[in-house]
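All remarks here apply to the structure that follows.
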């Protein structure tokens, strides 16, 4: 019975499956996926469909899921002249912004689904949680996609809104909690200044950054919270 964290799969279905095999994920284990499951790679829907079948995979929302959700709801509707005419400027802007960050492969995959599967995907994305606080081997971990914008040590996690948790790049040189570990994805570790191991999991100042650049030519990383062991595909 182990607890794992993985993030920013970005549609790399083969890497995702290889990682599950590498860690030998069992039904008794739990793996938290810290957002940005989709986009860029060509297997986003395949990853989602597999995650949906696994009750021990707990997804958190990332900025890519947030951007996709409203767009996919529009795409699931019947396309008519009226529905096209009724598209607001905000919806159109949202589509363009999503495409600019790699949403087109997900759109292409989504169009190939039957109606029922489309609805299941939308419902599943809507169930992604914003954060998790996990106790493991006497340590406390705060899991969130990007970070904690407008941070205050005494501020309850429930007080942060979605934008403060899925878009902010954290300060990796600042200790957010002296008695907790902040685990994040979102920003590839090869972008962290003075990182001695760019492209691998970064650990410093009670911060664990696990986005190793999958979808940008980098690795898919995963960490076991019980042992601290790191895994890479």
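A short reminder: the numbers here are calculations on the coordinates, not readings from a lab. What you are looking at is a predicted structure, and each value in this text was computed from that prediction instead of being measured. Cβ coordinates were reconstructed from backbone atoms using ideal geometry, including for glycine residues, and neighbour counts include every protein chain displayed.
Table for the structure above
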| item | result |
| --- | --- |
| The chain: relative contact order in percent, alpha carbon pairs under 8 Å with at least 6 residues between | 24 percent |
| Residue-averaged [θ]222 nm for the chain, counting only DSSP H segments that reach four residues, each worth -39500 (n - 2.57) | -9000 deg cm²/dmol |
| DSSP bridge pairs, the chain: antiparallel proportion in percent, nearest 5 | 50 percent |
| Rg [Å, one decimal], Dmax [Å, integer] - region 148-233, C-alpha atoms | 13.2, 38 |
| Nearest 10 degrees, 0 to 90: helix 13-22 Cα axis against the chain principal axis | 30 degrees |
| Rounded to 10°, Cα long-axis angle of helix 115-126 versus longest principal axis of the chain | 40 degrees |
| The chain: most fluctuating residue of 215, 185, 94 per GNM, C-alpha cutoff 10 Å | 94 |
| Crossing angle, helix 63-75 versus the chain [Cα axis fit, 0-90 degrees, rounded to tens] | 20 degrees |
| Rounded to whole Å, sorted largest first: equivalent-ellipsoid semi-axes of the chain, Cα gyration tensor | 30, 20, 16 |
| Label-point gap, in nm, between residue 1 and residue 179 - each point 7 angstrom along Cα→Cβ | 2.5 nm |
